[in-house]
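The values are calculated or read from the model by the stated rules, or taken from the named source; none is laboratory data. If you're wondering where the values come from, they're calculated on a predicted model, not measured in any experiment. Note that we place each Cβ from the backbone using ideal geometry, even for glycine, and neighbour counts take in every protein chain shown.
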Amino acid sequence: MTAMRERPIGVFDSGLGGLTAVRELRRLLPHEDIVYFGDTGRVPYGTRGVDTIIRYAKQDIAFLLEQKVKFVMAACGTVSSTLPADFSGALPVGFTGVVQCTAQAAAAATKTGRIGIIGTPATIASRSYEAALHQLRSDVQITAQSCPLFVPLVENGYFNADNEVTRLVAQDYLKPLQSAGVDTLILGCTHYPLIAPILAKVMGPDVALVDSGRETALRTAALLRDADLLQKDEHTGTAHYFVSDSTESFATLSGWFLGEYAGGEVTRISVDHYPADGGISQ
């Protein structure tokens, strides 16, 4: 068990969005080592077909397992909404996605039962959040909106609070949720916390925003604690980042996602050669 505790936590996303979850993990678990893979060469996942998303996710997971991680976090709403549960349940280490824990937070936060969901086309089409919310509360009224431009905007640096392009896109996307009178809005993609100030301004002060990256980090910390897999307090946690495209671009943008936890080794790799079964079939 001691050797397992000393292994890193594995986190992956289609691009940089999962770094919002890494930031929360580093805040919550400063003694833990983290290995992050951002598939920046194949981003975005959310506009691709389900079979392609699942194949990419399984390759990402195979890479993390090769790094001897003790836990895998899919810090990606698209993957969490499409990866089959029988696959994630068969992994040799613990696993969590973003959907269930985020739905629980939203169900607890709403006062009126009117909940909005924004996400990638694949996430919204999967109806995964609706299913999770209806299991938790039968009285919820859900309005879901696909937002395909948000991930490219964030990945290209259009996330400053005063960015006029992103504000105009947000105003257009969020109209149905405003009309529905939602009082809680699920940010169903880990890229979206970077534009939360813009979303909050458009939606108004009476709408609570639920950050899927933060909720998933909290869930991961709880699962590791329950399994007695946390590092010793005297250990200083590190982070090693892997990307499938430019390391220079990552270095430029990652600081916005990681905040005070920016820094760490960055390595470019390819996961194309990793097995599409996640490396767990025999």
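Structure summary
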read-out	value
Total residues in the range 33-62, condition over 19 Å from residue 273 (Cβ atoms), in contact with a strand residue (DSSP E or B) (Cβ under 8 Å, 6 or more places away or on another chain) and surrounded by fewer than 24 Cβ atoms within 10 Å (Cβ to Cβ)	2
Out of 249, 179, sole residue that is touching a strand residue (DSSP E or B) at 6+ places or on another chain (Cβ under 9 Å), more than 30 Å from residue 55 (Cα to Cα), in a helix (DSSP H, G or I) and of a type outside the set (A, V, I, L, M)	179
Among residues of the range 123-169, those that are part of a loop (DSSP other than H, G, I, E, B) and buried (at least 20 other Cβ atoms within 10 Å of the Cβ), counted	2
Test: residue in the range 211-228 that is assigned to a loop (DSSP other than H, G, I, E, B), surrounded by 14 or more Cβ atoms within 10 Å (Cβ to Cβ) and touching a Lys or Arg at 6+ places or on another chain (Cβ under 8 Å)	no
Selection within the range 111-122 - more than 18 Å from the chain's Cα centre (by Cα), surrounded by fewer than 22 Cβ atoms within 10 Å (Cβ to Cβ) and either closer than 20 Å to residue 74 by Cβ or not basic (Lys, Arg) (or both)	112, 113
In the range 230-245, the residues that are farther than 30 Å from residue 42 by Cβ and either in contact with a Ser or Thr (Cβ under 9 Å, 6 or more places away or on another chain) or not hydroxyl-bearing (Ser, Thr, Tyr) (or both)	230, 231, 232, 233, 234, 235
Every residue from the range 252-282 that is closer than 22 Å to residue 6 by Cβ and not in a loop (DSSP other than H, G, I, E, B)	261, 265, 267
Some residue of the range 70-79 being over 30 Å from residue 167 (Cβ atoms) and in a helix (DSSP H, G or I)	no
Residue match in the range 185-194 (condition: at pLDDT 95 or above and surrounded by fewer than 21 Cβ atoms within 10 Å (Cβ to Cβ))	no
Filter result (touching a helix residue (DSSP H, G or I) at 6+ places or on another chain (Cβ under 6 Å) and assigned to a loop (DSSP other than H, G, I, E, B)) within the range 28-38	29
Residue 192 being in contact (Cβ under 8 Å) with a residue 40 or more places away in the chain and over 17 Å from the mean Cα position of the chain (by Cα)	no
